[in-house]
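Trainee: What follows is a single structure, and I will ask about it in a moment.
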Amino acid sequence: MTFDFDTVIDRRNSDSQKWRKYAGTDIIPLWVADMDFAAPPAVIDALHRRVDHRVFGYAKPLPSQVAAVIDYCWQRYQWRIEAEWIVWLPGLVPGLNVAAHAVGVPGDAVLCATPVYGPFLSAPKLAGRETIAVPLRPDRPGQGARWEMDWDALERAVTPRTRQFFLCHPHNPVGRAFARAELERLAAFCERHDLVVTSDEIHCDLVLDDVPHIPTGALSPAVAARTITLMAPSKTYNIAGLGCSFAIISTPALRAAFNRAMAGIVPDANLLGFIAAEAAMKHGEPWRRELIGYLRANRDYLFDFVSQNLPGVTMARCEATYLAWLDVSALQLESPVTFFEKHGVGLSDGTLFGAPPRRFLRLNFGCPRATLTEALTRMQRAIHARPQPSFPSSPAPIGGGGHHSP
Ligand SMILES: Cc1ncc(COP(=O)(O)O)c(C=O)c1O
């Protein structure tokens, strides 16, 4: 290994949201989606050089930064994009909210598949649209379940006022990297119902299995024409605090609507974010490859640990991201998050993703192995120390279907 992912960097007294949540406690935070690793050296060097310039006025992306995005899309996904398709953003949550405003009118609806990253559920509502949540379906109960689109439920849920599909690809929190056949089926569904696809691909370079990421917009020019792709180097290269993301929109009218919805509200991307993004996309690949190896080993270790040492917990198959989706229903806990916090581990509550209460937790394994091992040991002790419930043989069905209010 050329790069160091093992050293534990002390973030406790830093500005980290992840660590400050539990300041003054001994709780290991495995909740919000950033990693406890240093950014790639090439990114840090580029930032140093820019800081040494000493002037930090309003910034505009340099031609080399635009070229870095175009080259990256070509080299990583064989996807040819053009400079004018790129709309820079300070983050992808603003991107989701802008997309919600840009398509249709208040009273229309946005479809999404749950459980899903919270802003997918809130952005349509903030734009006066209805959120129609259709539960994903695990292909089997228990350990290693693969969560899939429920095509029949999608057909039943779509309404004449539905204008848009919010796709999370790869999917946070269930860790799916959707395959070409699934994407094509989804694109056909969206074409049949005349839906714009907003495809949030922030986790696109965190595919852990040996399969390529296929951008939705790269399926065909016809699919691209109805797609707003949202991307950023922020998750992969661990630079989320630097605020630099982008949308790729090939259709001029859709791009104009997106730009109109942003006008006067969404600030520019961050100056240092542009620098970091360019360095990451141009020079980050050797680091990223090693990162993927490290995360894959963490995922496998976690998966085995759950199978062998955490009775009453199962983990979904995780093809991408550094986020594990844990089903803890069999533990019958009143508040799973509080239970594990009391035993020194901070996890995300499944209800934040539109999952039913008391059933799911999300665990962030983007950390040194030593941190993960300590957290899992605490979880194991917690489970063994608690009063034993009688494990139900089959938990209640997942998700209520139909319309969702987060
Ligand atoms: C699917 C998805 N989209 C967007 C974000 C956040 O994007 P940003 O920090 O750029 O607003 C996250 C963060 O976890 C995410 O998982």
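What follows draws every value from the coordinates through simple rules; no lab data is involved. Predicted, not measured: the structure shown is a model, and the values here were computed from it. Ideal geometry is used to build each Cβ from the backbone, glycine not excepted, and the neighbour counts take in all protein chains shown.
Trainee: Pairs of Cα atoms under 8 Å, at least six residues apart: use those to get the relative contact order of the range 45-283, whole percent.
Mentor: So the answer I get is 27 percent.
Trainee: Roughly how many Å is it from the Cα centre of the range 23-88 to that of the range 326-378, as a whole number?
Mentor: About 30 Å separates the Cα centre of the range 23-88 from the one of the range 326-378.
Trainee: Here's another thing I want to ask about it. Show me 80-87, 21-28 ranked by packing, highest mean number of other Cβ atoms within 10 Å first.
Mentor: 80-87, 21-28
Trainee: Right, something else. Largest first, please: the extent of the C-alpha atoms of the range 218-297 along each principal axis, to the nearest Å.
Mentor: 43, 32, 20
Trainee: Please list, in chain and number order, the residues 5+ apart from residue 130 or on another chain whose amide H is under 5 Å from its amide H, with Hs placed from the backbone.
Mentor: 107, 108, 109, 110
Trainee: P(r) tail for the range 45-283, what percent of Cα pairs lie past 21 Å?
Mentor: Looking at the range 45-283, the distances longer than 21 Å represent 56 percent of pairs.
Trainee: Related question: In whole Hz and in residue order, list the ³J(HN,Hα) couplings for the range 87-99 that follow from phi through the Karplus curve 6.51 cos²θ - 1.76 cosθ + 1.60, θ = phi - 60°; x for Gly and Pro.
Mentor: So the J values, rounded to whole Hz, are 10, 6, 9, x, x, 8, 5, x, x, 5, 5, 5, 4.
Trainee: Would you mind pulling out the separation of the Cα centroids of the range 125-148 and the range 152-179, in Å?
Mentor: Using only Cα atoms, the two centres lie 8 Å from each other.
Trainee: About the Cα centre of the range 76-148, how large is the charge dipole given +1 on each Lys and Arg Cβ and -1 on each Asp and Glu Cβ? Please answer in debye to the nearest 20.
Mentor: 260 debye
Trainee: Let me have the 222 nm mean residue ellipticity of the chain computed from DSSP H runs of 4+ only, each contributing -39500 (n - 2.57), with the sum over all residues rounded to the nearest 500.
Mentor: About -11000 deg cm²/dmol.
Trainee: How many Å³ per residue does the convex hull of the Cα positions in the range 61-171 occupy?
Mentor: 145 Å³
Trainee: Evaluate E = 1/(1 + (r/R0)^6) for residue 374 and residue 184, where r is the Cβ-Cβ distance and R0 equals 56 Å; express this FRET efficiency to the nearest 0.05.
Mentor: Efficiency, from the Cβ-Cβ distance: 0.85.
Trainee: Could you run the Debye sum over the Cα atoms of the chain, one equal point scatterer each and no solvent, and tell me log10 of I(q)/I(0) at q = 0.10, 0.12, 0.13 Å⁻¹, two decimals?
Mentor: Calculated log10 I(q)/I(0) at the listed q: -0.67, -0.97, -1.14.
Trainee: Mind pulling up the Rg/Rh value for the range 1-127? Radius of gyration and Kirkwood radius, both on Cα.
Mentor: 1.02
Trainee: Oh, and also: Hey, which of these cross-link pairs are over 25 Å Cα-Cα: 18/125; 235/282; 18/235; 21/282; 60/235; 21/235?
Mentor: Distance filter (> 25 Å) returns 18/125; 21/282.
Trainee: How big is the charge dipole of the chain about its Cα centre, in debye rounded to the nearest 20, if each Lys and Arg gets +1 on its Cβ and each Asp and Glu gets -1 on its Cβ?
Mentor: With only Lys, Arg, Asp and Glu charged at Cβ, the dipole is about 560 debye.
Trainee: Sorted by mean Cβ packing within 10 Å, highest first, what order do the peptides 371-378, 311-318, 242-249 take?
Mentor: 242-249, 311-318, 371-378
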